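Comments concern the structure below.
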Amino acid sequence: MSEQVILTETVDRVGVIRLNRPDAMNALNVDIMHAIVEASEAFQEDANIMAIVVTGNEKAFAAGADIKEMQTKPYIEMQQSDWFGHWNRFTAIRLPIIAAVNGYALGGGCELAMMADMIIAGPKSKFGQPEINLGVIPGMGGSQRLTRAIGKSKAMDLVLTGRMIDGEEAERAGLVARLVEDDKVLETAMEIAQTIASKSRPVVMAAKEGVNNAFETTLQQGLLFERRTFHSLFALEDQKEGMDAFSNKRQPEFKDR
Ligand code: CAA
């Protein structure tokens, strides 16, 4: 039987994807990359699922793209297959995605974590873009998303030297949303996902779209998009329910419509 490169499970309304190539530090080969994208799409198709948690193991979230798989490839194959291009399907997922990071999140591993909507990590985690040591540059968004997340100076520091930063430095730099004890990382990510799962699915999707739009547009266009989206949510029963619940001092019961 072929190796199960990811393990998936559903916990209440949360879909969990665990990278499962422990012998290779969860290096992202073609199989695992496709498996992550397909599992995320399957979770999104399931109207019961509200959020996705992506995690690895104690040693590695993922130590990057699989160097051994790529090393002999000619330019034309990388270019014609648009290597890494399929990650656009992952970033098109409309459900919130939380990366629970223990151990190494390097190269493509750091980039996968940054494709998620927030990163939860422990002090022992290690983030970095070491591609420069391999004679290449980041290829899954590192030069772009890292710069937007932590600013030019620090992104240059990581991308040009290939040095790693630990979870504490990553949290100070704004890369990590919450720094928690190493053995509480997955638990915390699941708690956050469960909190999100108590909201309204279309509203959660709209909120994710709104924040992401800040990276794509001017302030005026972004504010208009936000305001029009806000207006449109008044078409939902869940808006009526949420505001009625507040006024009547009770918990809302959202119906995802
Ligand atoms: N690709 C392929 N195999 C990898 C790998 C990777 N990115 N990272 C680790 N492995 C393999 C190792 O080759 C080793 O395999 P063998 O047992 O068969 O030798 C196994 O995983 C365990 O790794 P180490 O023995 O190296 O473990 P360590 O604890 O000594 O070091 C590490 C851990 C610091 C993470 C080190 O493995 C390392 O530096 N890995 C490579 C990190 C890297 O350069 N990542 C960037 C990849 S390129 C990229 O990601 C491009 C992009 O933008 C998408």
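Taken together, the values in this text are just the output of simple stated rules run on the coordinates, not laboratory data. Note that this is a predicted model, so its numbers are computed, not measured. Cβ: placed from backbone, ideal geometry, glycine included. Neighbour counts: every protein chain shown.
From zero outward in steps of 10 Å, how is the percent of C-alpha pairs of the chain spread across the bins?
All Cα pairs considered, the percentages come to 7, 29, 35, 21, 7, 1, 0.
Where a Cα-Cα gap under 18 Å defines reach, which lysines qualify for Lys126, not counting those fewer than 8 residues away within the same chain?
Counting by Cα, and skipping residues close in sequence, Lys126 has these lysines nearby: Lys59, Lys154, Lys184.
Non-local amide H neighbours of Asn102 (under 5 Å, H modeled in plane, Pro and chain starts lacking H): which ones?
Under 5 Å from the amide H of Asn102: Gly56, Phe61.
Using the Karplus curve 6.51 cos²θ - 1.76 cosθ + 1.60 with θ = phi - 60°, what ³J(HN,Hα) values do you get for each residue of the stretch 134-146, in whole Hz, with x for Gly and Pro?
Each residue of the stretch 134-146 in turn: 9, x, 9, 10, x, x, 10, x, x, 5, 8, 6, 5 Hz.
How big is the dipole moment of the stretch 61-142 about its Cα centre under a simple scheme where the beta carbon of each Lys and Arg is +1, that of each Asp and Glu is -1, and everything else is neutral? Debye, nearest 20, please.
Numbers: 6 positive and 7 negative charges, 45 e Å.
That gives the stretch 61-142 a dipole magnitude of about 220 debye.
Assuming 1.002 mPa s and 20 °C, estimate D for the stretch 156-257 with Stokes-Einstein, Rh taken as the Kirkwood radius over Cα pairs, in µm²/s.
On the way: Rh = 16.9 Å.
Rounded to a whole number, D works out at 127 µm²/s.
Which shape class applies to the stretch 87-144: rounded if a/c is under 1.5, otherwise prolate when a/b exceeds b/c and oblate if not, where a ≥ b ≥ c are the square roots of the Cα gyration tensor eigenvalues?
Values: a/c = 3.20, a/b = 1.18, b/c = 2.72.
In terms of gyration-tensor shape, oblate.
Quick one: Karplus J couplings for the stretch 33-38, per residue in order, coefficients 6.51, -1.76, 1.60, θ = phi - 60°, nearest Hz, x for Gly and Pro?
Working through the residues one at a time gives 4, 5, 4, 5, 5, 5 Hz.
Residues with amide H under 5 Å of Val53's amide H, sequence separation 5 or more or different chain, H placed in the peptide plane at 1.01 Å from N; which?
Gly15, Val16, Ile17, Ile98
Quote the charge dipole size of the stretch 148-251 about the Cα centre in Debye, to the nearest 20; the model charges only the Cβ of Lys and Arg (+1) and of Asp and Glu (-1). Don't skip to the answer; put the middle values down first.
Details: 15 positive and 17 negative charges, 104 e Å.
So the dipole magnitude of the stretch 148-251 works out to roughly 500 debye.
Kirkwood Rh, the stretch 160-206, all Cα pairs: how many Å?
12.9
Which FRET efficiency value, to the nearest 0.05, is calculated for Asp182 and Val211 with the Förster distance at 25 angstrom and r the Cβ-Cβ distance? Please report the intermediate quantities before stating the final value.
Working: r = 27 Å, r/R0 = 1.10.
My answer for the efficiency is 0.35.
To check you understand DSSP bridge types, tell me what percent of the beta bridges within the chain (both residues inside) are antiparallel, rounded to 5. If you can, show how the numbers build up before the last one.
Working: 8 of 29 bridges.
Expressed as a percentage, antiparallel bridges in the chain total about 30.
Can you tell me the length gained on complete extension of the stretch Ile132 to His86, counting 0.36 nm per residue apart and subtracting the Cα distance?
Numbers: separation 46, 0.36 × 46 = 16.56 nm, distance 2.29 nm.
Full extension of this stretch gives 14.3 nm more.
Return the lysines within reach of Lys240: Cα separation strictly under 18 angstrom, same-chain partners fewer than 8 residues apart disregarded; answer none if there are no such residues.
Lys199, Lys249, Lys255
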